[in-house]
Amino acid sequence: MTGSDPRTASAAPLTGPAAPCWVTLMTRNLETAERFYAQVLGWSFRPGRLGADYAVAYRGEVPVAGVFAVSSAYHVAVAWTPYFAVEDADVAAARVRERSGTVAVGPLTLGKGRGVLASDRDGASFGLWERTEASASPPAPAGHAHAWLRLRTRNAFDAAIFYGEVLDWASGRPGCCDVAYEGDEVIVRCGGHPLARISSGAVEAAVDPVVRPHWQVQFPVADLAATVSAAERHGGALVEERTGFGGTEVTLRDPDGALFAVTDVRSPA
């Protein structure tokens, strides 16, 4: 059993009331997902407030992800999805539509907030989250992220404009995330800490889901080989291995088919 590396610093925390993002797994079977991720990433699980089909994954006492067993009932794809914090879900959803994106679900009232499931112009799915009540959960440790993000898209520059306009990135308002064009990628930083990479080259019509435009959730781990081995022993599969950016990134498929990545890279930048 492996887990997130506590030495991972400088990345934007994804938990707590001021976090820029939250990650959720849409899956078919909650018990199967809990068993797999407990063994592979060392998580524990507690019932959430959204019903019997929802649980929250914890590392220690800090919530790190949500797991929703609703893909069969609501015909939602099995996938890991980032939910970006917004001040007004209605305004953000309207911005998605105005820029030729798609709003599939919401805004819906869910627990302590309002959620939207959407996709960008190239078909990559993402969520919007408006918090309507104060969070009772402790924030992630300062400077520590349990996950970060990578958008594989057709054109990184075009995608950065879309998300910037929808989410107020680089708008100059207090607390907004910044965008920097570095080499062939776009780096998104929140509070000075890297949150996500956006890279070009995805092909919308590709048969391979790894190649199609999508948001990839990446979990930093202390022992990459042990994590891959644990995933394979518990019904997962290795899909792709990439080396670069100072380390190795491995894409895995969980027993239900959801893709996610584990990496020994210490920062998404």
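Some points to look at:
- For the stretch 92-105, 3J(HN,Hα) per residue [Karplus equation, 6.51 cos²θ - 1.76 cosθ + 1.60, θ = phi - 60°, Hz, x = Gly/Pro]: 5, 5, 5, 5, 4, 4, 4, 9, 6, x, 10, 9, 8, 9
- For the pair GLU204 and ARG97, label points projected 7 Å from Cα toward Cβ lie 2.0 nm apart.
- Normalising the Debye intensity of the stretch 58-134 to I(0), with uniform scatterers on Cα atoms only, and taking log10 at q = 0.17, 0.20 Å⁻¹ returns -0.70, -0.94.
- Long-range HN-HN contacts of CYS21 with modeled amide H, under 5 Å: ALA85
- Remark on GLY60: its backbone amide H falls under 5 Å from those of SER44, a criterion applied only to residues 5 or more positions apart or on other chains, H modelled at 1.01 Å from N.
- Remark on the stretch 173-226: ratio of C-alpha radius of gyration to 2.2 N^0.38 Å is 1.45.
- Using 0.36 nm per residue and subtracting the Cα-Cα separation, the extra length available between CYS176 and THR32 on full extension is 48.1 nm.
- Percent of alpha-carbon pairs separated by more than 19 Å within the stretch 153-269: 53
- Across the stretch 214-221, computed HN-Hα scalar couplings (Karplus, 6.51 cos²θ - 1.76 cosθ + 1.60, θ = phi - 60°) run 6, 7, 9, 8, 10, 10, x, 10 Hz from first to last residue, x flagging Gly and Pro.
Taken together, the values in this text are just the output of simple stated rules run on the coordinates, not laboratory data. Predicted model, so just to flag it, every value in this text is computed and none were measured. Heads up, the Cβs are rebuilt from the backbone with ideal geometry, glycines too, and the neighbour counts pull from every protein chain shown.
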